[in-house]
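Asks: So that we are looking at the same thing, I have put the structure below in structure tokens.
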Amino acid sequence: MYTQQQQQRKQVSSSNSVSENMAVVRCAAVRLCPLAGRAVTFVSAAHSRRTVGLSARRGYVFTTTGSNLQFRLDERTAHSSLDLFKKDTGVIYRILGLDPSKVQDNPERFRDWAVVFGDEKIGGGRHYWEVTVRKSQEFRLGVAEASMSRDDCVGTDSSSWVFGYAQRKWFAMTSNKIVPVMLVGKPDRVGILLDYEAGLLGLVDVENPRIIHNFKAKFNAPLCPAFGLWDGELLTHSGLEEPEGLK
């Protein structure tokens, strides 16, 4: 026969075990990525959609054609499964990652998706950067409004425009709508061209400089370079001259 005190200890232990199991399940769920074309259905309903209030210490980048945009990755936005390296120009995906409760809580951090932003906001001009992809079979590259909801994944809403790779295929994605991109294989390095006033975002072949695929959009808010990563690592290269022949 249990004493009353023993019964209470057993109930507390059982309750703690259930809570820990639920935490593990949720921790695993936030690191899953929707494959291209799959609807996003498992984001926690407990999260309310919100517009992110960004820190005033990050100034806007109002540049003209010919200026070379330089940026690093912004740790404040990085999901807990992403580690920055090489002076915050690269990002690596850690399948275990950190417990979300162990990273600094702020409204700029992506909590449910393995996404990170660049640390500069773009309000005008024409800009070019490149990305080296290593050991990754699922990633997204592009831009997003600086105020994009941190409850969403890049490409799933109307405030982000990305080129992605999954299931050995390239695609362009915005507002959760996917368009196949006819790019054979997976090059180690690709370019991103942004012309803010022209409403152009292009995926660039860096070996034979040309725009492989482009978005036509109307940009109405400051943008940030945006990256999603679900395995492997990415290394960004900014401050580059635009290759000849892209205009």
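The values are calculated or read from the model by the stated rules, or taken from the named source; none is laboratory data. Since this is a predicted model, take the numbers as computed values, not measurements. Note that we place each Cβ from the backbone using ideal geometry, even for glycine, and neighbour counts take in every protein chain shown. These accessible areas exclude ligands, DNA and RNA; they are computed on the full protein's heavy atoms, side chains included. Shrake-Rupley method; radii C 1.70, N 1.55, O 1.52, S 1.80 Å.
Asks: Probe radius 1.4 Å, ligands and nucleic acids left out: which of Val204, Val184 has the largest accessible area, and how do the rest follow?
Replies: Val184, Val204
Asks: Same structure, new question: Using only the alpha-carbon atoms, what does region 178-221 span along each of its principal axes? Please give whole angstrom values in decreasing order.
Replies: 34, 22, 14 Å, listed from the longest principal axis down.
Asks: Among all the aspartates and glutamates, which ones have a C-alpha under 18 Å from Lys247's C-alpha, if same-chain residues fewer than 8 places away are not counted?
Replies: Cα-Cα hits under 18 Å: Glu130, Asp195, Glu197, Asp205, Glu207.
Asks: OK, next. Along the Cα→Cβ direction, 7 angstrom out, place labels at Ala221 and Leu200. What is the inter-label distance in nm?
Replies: Modelled inter-label distance: 2.5 nm.
Asks: Could you give me the ³J(HN,Hα) list for region 83-92, computed from phi with Karplus coefficients 6.51, -1.76, 1.60 and θ = phi - 60°, whole Hz, x at Gly and Pro?
Replies: Result, rounded to whole Hz: 10, 8, 8, 6, 6, 6, 9, x, 9, 10.
Asks: Report, in debye and to the nearest 20, how large the dipole of region 78-212 comes out about its Cα centre when Lys and Arg carry +1 and Asp and Glu carry -1 on their Cβ.
Replies: Details: 18 positive and 19 negative charges, 105 e Å.
Dipole of region 78-212, to the nearest 20 debye: 500 debye.
Asks: If the cut-off is a Cα-Cα distance under 24 Å, which lysines reach Lys186, setting aside same-chain residues fewer than 8 apart in sequence?
Replies: Lys86, Lys135, Lys169, Lys177, Lys216
Asks: Considering amide H positions built from the backbone, and no H for Pro or chain starts, which residues 5 or more places from Ile212, or on another chain, come under 5 Å of its amide H?
Replies: Counting only residues 5 or more places away or on other chains, the set is Leu203, Val204, Asp205.
Asks: Could you give the spread of the C-alpha atoms of region 126-198 along their three principal axes, from largest to smallest, in whole angstroms?
Replies: 32, 27, 21
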